[in-house]
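The values are calculated or read from the model by the stated rules, or taken from the named source; none is laboratory data. Given the structure is predicted, the values throughout are model-derived calculations rather than measurements. Counting neighbours? That spans all protein chains shown, and the Cβs are built from the backbone with ideal geometry, glycine included. Accessible surface areas use protein heavy atoms only, side chains included; no ligands, DNA or RNA. Shrake-Rupley method; radii C 1.70, N 1.55, O 1.52, S 1.80 Å.
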Amino acid sequence: MIIISIMFLSFPRRVRPGAVVAAALLLSAGCAADPGGPAEERTEAVVDAAAHQATAVEPALTVTDPRGTEVSLDAPPESVVCLVALCDDILLELGLRPAATSNPQILAHEGFLGEEADEVPVVPGGFGNEDVEAITRLEPDLVIGLAGSHEGLAPALGTSTTVWLTDSRSWQDSVDYLRAAAALTGRGEQQAAAEQRFYDALADAQATAAEEGLAELKPLVLYGSDGSFQVDSRGSIVGGLLDQVFDYDWADRGTGGHQAGGSDYSMEEILAGDPDLIFLESFTFSPDDAPLSEQFADDPVWNRIEAVREDRVYEVDLAPWATGRGTRSLGIVLGDAVDLARR
């Protein structure tokens, strides 16, 4: 048996110089538990994406993921149930489809399955409280969930299948989860192609930003619901990725509940930080819910932010930006961010 340990990428680092209402996000949005504790200031590696050459992983029935979790199977999985959108993202990157999903929104995105998403069964029950019996009836070889949300399901499911709880905290983690899943499924060729597509997208974004004078722009990703909000810091998956292309100068305070790197910032602090453009992730749960741009419309501090005055505030698609977390989603985020920055 071959054992593959998926390791973190390591590159030279750059350092840039460098509260309030927490986002009230429902579990159905696919939010990970806050790892807790104060966050140290993090900096992101500056990757020369144009020089990256992806290599295919070797098949293995035992892998160690980026968080040190060992996953072992008796045979490559043929039926995988996805309880976290990272799983759906990975499977499609590997040329597979989930046997069932808790995240039909990500599959319905045009960059994923689009109209064909209806062909994938949806697991009944709310996020983190999925119907165990329904999953068991599918007889999956592997169930992939989210650490901090699906521990309660693991004991019941573990008697009939293998449960893998992922915990991606950076875009590098997302690449490594893709590689780990490729090893388990014997899909190294597809993984190398998908990984290369992601790095090519990053290289294109970096080149465009450098050529068009976008690299010094300071964007902000702000997410929330019902007027409550938080910031994706550069210690988050999306914030860290955007820091590869722009001047994403929002320090990680480790106070977020949506995912690692989410941080509390007051509207006054955002005003002082003076973002050049703002990407809004509005968690709305009914057709009557207003997006954040409308919820903030009467806030006097919000209306003093230059990006707001200059109409450089953009509502973005939650599926790839907030819940996807995999390389396909992150490629979409890069394309969206550069396109909007050029306006």
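Annotations for the structure displayed:
- Radius of gyration and maximum dimension Dmax of the range 53-147, Cα, Å: 13.8, 43
- Each part reduced to its alpha carbon centroid, the range 223-278 and the range 49-108 end up 28 Å apart.
- Protein accessible area in the chain, 1.4 Å probe - carbon and sulfur %: 48 percent
- Measuring only protein heavy atoms, the 1.4 Å probe finds Trp250 accessible over about 10 Å².
- Rounded to 5, percent antiparallel among DSSP beta bridges of the chain: 30 percent
- Sparsely packed loop sites in the range 140-198 (the trypsin sites (Lys or Arg not before Pro) outside DSSP H, G, I, E and B with at most 12 other Cβ atoms within 10 Å) do not occur.
- Scanning residues 5 or more positions from Gly262 or on other chains, those with amide H under 5 Å from its amide H are Ser233, Gly256, with H placed 1.01 Å from N in the peptide plane.
- More than 27 Å apart - percent of Cα-Cα pairs taken over the chain: 43 percent
- Helix content alone sets the calculated 222 nm mean residue ellipticity of the chain: runs of n ≥ 4 DSSP H residues at -39500 (n - 2.57) each, divided across all residues, give -8000 deg cm²/dmol.
- Computed over the range 282-337: relative contact order in percent, which uses C-alpha pairs under 8 Å that are six or more apart: 24 percent
- Expressed as a whole percent, the proportion of Cα-Cα pairs in the range 174-241 lying more than 20 Å apart is 52%.
- Rolling a 1.4 angstrom probe over the protein heavy atoms with all chains in place gives the range 138-269 an accessible area of 28 Å² per residue.
- By definition, a body whose alpha carbon gyration tensor gives a ≥ b ≥ c is oblate when a/c is 1.5 or more and a/b is not larger than b/c, and the range 252-325 fits this oblate description.
- Put simply, when 293-302, 330-339 are sorted by average Cβ atoms within 10 angstrom per residue, most first, you get 330-339, 293-302.
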